[in-house]
1. How do 23-31, 139-147 rank on mean C-beta neighbours within 10 Å, highest first?
2. 222 nm [θ] for the chain, helices only, -39500 (n - 2.57) per DSSP H run of 4+, per residue, to 500?
3. Work through the residues other than V51 whose Cβ is under 13 Å from its Cβ and net out their charges, Lys, Arg +1 and Asp, Glu -1.
4. Where does the chain land on the Kirkwood hydrodynamic radius, alpha-carbon pairs, in angstrom?
5. Cut-off 10 angstrom, C-alpha nodes, Gaussian network model of the chain. Which of R132, R121, R21 fluctuates the most?
6. Which of rounded, prolate, oblate describes region 11-63, given a ≥ b ≥ c as roots of the alpha-carbon gyration tensor eigenvalues and a/c under 1.5 marking rounded, otherwise prolate only if a/b is larger than b/c?
7. Rounded to whole Å and sorted largest first, what semi-axes of the equivalent ellipsoid does the C-alpha gyration tensor of region 67-166 yield via the square root of 5 times each eigenvalue?
Amino acid sequence: MKQTAFQTGDRVVLPPYGVGRIRGTCQRSVAGETHAYYQVEFPMTTSLAYVPVSAPQTTGIRTALTAVDMPLLWQSLQTGRLNLPQQWSARHRYVSDLMSGGDAQALAVLIGELHARNQRRALPDLDRQAFRRAIRLLQQELEELKGPQVLQVTEWLTAAATEHAVS
């Protein structure tokens, strides 16, 4: 899933902003030097983010999920487990860092772990909020994808969010 060169129209994820598209490239002057930047636009907003072409990895940008990624994502939702800290403040920090990192597989593992914990006992408020936010982030990335495995993952996420809302 890692990619260092992006093309106009590519779907990307730019933590913590979410899913966007490469609009193109431009030249910008910063500290008296001109550099090339990818312009990333986000749906439902006029905001643009500028990512250096020479070092996009410094921003955490990555190619958005595709249908090919669904088997591994599904497996992460079903079987992925985390050894989350017991102390709520340490757990909250760990979960926040994981979510701001923008890695879809890590999000899926987190969702799977929090779902399993919720099955055993209702989650505390901060964990419940993290669970909902992680689901929303992953659902946003799946919105434009098609295929039976995408549908399976999307339905599972929706059911988990709904089930979790009433527990």
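1. So the peptides 23-31, 139-147, ranked by packing, come out 139-147, 23-31.
2. -15500 deg cm²/dmol, from helical runs alone.
3. Value of the local net charge: +2.
4. 17.1
5. R121
6. prolate
7. 22, 14, 12
Computed from the coordinates by the stated procedures, all read-outs in this text should not be read as laboratory data. If you're wondering where the values come from, they're calculated on a predicted model, not measured in any experiment. Quick reminder, even Gly has a Cβ in these numbers, built from the backbone with ideal geometry, and neighbours come from all protein chains shown.
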